[in-house]
Every structure is written in structure tokens, then in C-alpha cells.
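For reference, the structure discussed in these notes is given below.
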Amino acid sequence: MTSPVLILGGSGGIGSAVAQALVARGTPVHLAARDGARLAPLARSLKAPYTAMDATDQDDVERTLAEAGDTLSGLVYAVGSIVIKPFEKARAEDFLEAYRLNLVGAAMALQAAAPALGRGKGAAVLFSTVAAAQGFANHTVIAAAKGAVEAFTRAAATDLAPAIRVNCIAPSLTRTPLAEAFTANQTMARGLGKLHALERLGEAEDVAGLAAFLVGPDADWITGQVIGVDGGRSTLRTKG
């Protein structure tokens, strides 16, 4: 039997969509997220084990890994934040919190999971944002943290090769609970969608398909990459 993929941040949005995509392909998953009550219905529907945990608590991370088993085929770190505020209003705490959740949490999870991933010749998928490579206004906090995730992806992929592959997905604005403040208003959502060459916002399933591919055997020669799933936002300019 294929060893499981551990999905951190699986209670909603992209993490949930990745779990569903993997199970549909016959890959077992172990789900983990802070809100166990929200996670439980998804776990039941997928017939998957789950752990309530805090990704910034190393003891919680190690407990989750012990419950997931000593061999993993993949790790998906779908924990993150969206911090949008003018630079002049950003506090040191904003930068530190975003860095700790998005970069340090991912790094510590991957470090702890490395023995199990090595035994399974597995792969890790992390998440950045299109804003890390684009100069978007009011994105200094999150762009800095996610830019660190991209640099970490390449460095970790070098250190963990050849046993473990590490890749990163950089989405543009995607309809998830985390982004609801920007997508709930349909007029605003349509306007933001028009900024993309494909004239719509992303859906969690758009991102999940690539994540499921990257932890699977068909991506066995892909590592150290940051791949955009962004409707063309990172490279194309709209016609209007």
C-alpha cells in the first residue's frame, strides 16, 4: 500500500482540495489542522485519519508525524496567511508572525518529516504567492514571508536531494476561506479577476491538481521549482 501524504492545513481551502484530489487518485492522506472540529467532517468523508495540531508548535508537529506513521510519500504544507496592509502601518510583529507561520512552520515541518519522507522517497509541496515576485501595493508583509519560502524551497531541495523532492506553488488570488475578505463581494471579485489574463480568480481545485501531481510519481524528476498557478498574472498583462 502507498504510504500516506501528510497534509498540514487540511481543514478548508487548498489543503482540503489537495486531500480530495489525492484520495480520488487512490493516495491515502493524513490530515492535520488547528481546528479539529472543522477537520473532522472532511476526514470522515475521505475516510482519512486526522490530528488537531498547531503548525507553529514543534511538539504538535512531532506528535502529528508520529500519528501519521514512520513512512510518508508526501508532505503538503498548506498553512499560511494573507496579510494586506500599507507598509507604513506594518508592525514588526506583523512581519515576524507572517515569517513564523509561512516560513519557519514549513521549515520545521519539513525537517521533522524528512526521515519519514526519505524512507518513502517522498516529496514536499510548499506554497508561496504571485506577490512574492511582483511589486504589489500593500503586500510587503506577506510578500517578504513568501519570498523566503521560495528561497527555502530551492535550498531545501538541494539539501534533501536525491531522496526527497521539494517544490513550491505560487498561486494568485484564489477563492478560499482565507481569501474571503477579498472574494465575498462579487463586484470586487470580478474586478480582481479581470486583472488576470484568464479573467477569473483561482479556485482551490486549480491549485490542488498541481500539488497532487508534484507529490506523485509522475513528477519524479521535478525538484527545487517555484511554479505559478495564477491565471497568467505573473507573466501576462491584460488587454484592457
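The values are calculated or read from the model by the stated rules, or taken from the named source; none is laboratory data. Owing to the predicted nature of the structure, the values given are computational and were not obtained by experimental measurement. Cβ: placed from backbone, ideal geometry, glycine included. Neighbour counts: every protein chain shown. Note: areas computed on protein heavy atoms with side chains; ligands, DNA, RNA excluded. Shrake-Rupley method; radii C 1.70, N 1.55, O 1.52, S 1.80 Å.
The accessible-area ordering, largest first, of the residues Glu93, Glu205, Glu88 stands as Glu88, Glu205, Glu93, per a 1.4 angstrom probe.
Averaged per residue, the range 41-149 has 46 square angstrom of accessible surface, using a 1.4 angstrom probe with ligands and nucleic acids left out. Scan the chain and hand back the longest stretch that contains none of the trypsin sites (Lys or Arg not before Pro) lying in DSSP loops with at most 16 other Cβ atoms within 10 Å. After excluding every exposed loop site, the longest remaining stretch is 122-193.
Measuring how big the chain is from its alpha-carbon positions, Rg and Dmax come out at 17.1, 53 Å. Place +1 on the Cβ of every Lys and Arg and -1 on the Cβ of every Asp and Glu in the range 13-160, take the dipole about the Cα centre, and give the residue among Ala148, Val23, Gly122 whose Cα lies farthest towards its positive end. Selected residue: Val23. A Cβ-based charge dipole, computed about the Cα centre of the range 1-121 with Lys and Arg at +1 and Asp and Glu at -1, lands at about 500 debye. When the Gaussian network model of the chain links Cα atoms closer than 10 Å, the mean-square fluctuations of Leu42, Leu72, Leu173 top out at Leu42. Binning the C-alpha pair distances of the range 27-67 at 5 Å intervals from 0 yields a P(r) profile of 6, 28, 30, 21, 12, 3 %, listed from the shortest bin outward.
Within the range 152-240, report the chymotrypsin sites (Phe, Trp or Tyr not before Pro) that DSSP leaves as loop and that have at most 14 other Cβ atoms within 10 Å.
Numbers: sites: Phe152, Phe182, Phe213, Trp221; in loops: Trp221.
For chymotrypsin sites (Phe, Trp or Tyr not before Pro) across the range 152-240 that sit outside H, G, I, E and B with at most 14 neighbouring Cβ atoms in 10 Å, the list reads Trp221.
Between Asp206, Asp218, Asp70, the residue with the greatest mean-square fluctuation in the GNM of the chain (Cα pairs under 10 Å linked by springs) is Asp218.
Placing +1 on the Cβ of every Lys and Arg and -1 on the Cβ of every Asp and Glu, with no other charges, gives the chain a dipole of roughly 680 debye about its Cα centre. Protein-only accessible surface at a 1.4 angstrom probe places the residues Glu62, Glu150 in the order Glu62, Glu150, largest first.
Atom-type composition of the exposed protein surface of the chain places 55 percent of the accessible area on carbon and sulfur (1.4 angstrom probe).
Do you know the relative contact order of the range 2-89, to the nearest whole percent, from alpha carbon pairs under 8 angstrom that are 6+ apart? Mind dumping the intermediate values first?
Working: 142 pairs, mean separation 31.4, N = 88.
Relative contact order here is 36 percent.
Summary of the geometry: the range 161-201 and the range 128-144, compared by the centres of their Cα atoms, lie 13 Å apart. Each semi-axis of the equivalent ellipsoid for the range 121-217 is √(5λ) with λ an eigenvalue of the Cα gyration tensor; in descending order they amount to 28, 16, 10 Å.
For Val29, the solvent-accessible surface with a 1.4 Å probe is about 10 Å², rounded to the nearest 10. Within the assembled protein chains, the solvent-accessible surface assigned to Asp220 is about 110 Å², based on a 1.4 Å probe. Structure remark: mean-square fluctuation, Gaussian network model of the chain, C-alpha springs under 10 Å; the largest value among Ser128, Ser45, Ser172 belongs to Ser45. Rounded, prolate or oblate: which one fits the range 1-108, using the alpha carbon gyration tensor with axes a ≥ b ≥ c (rounded when a/c is under 1.5, else prolate when a/b beats b/c, else oblate)? Prolate, because a/c is 1.5 or more and a/b exceeds b/c.
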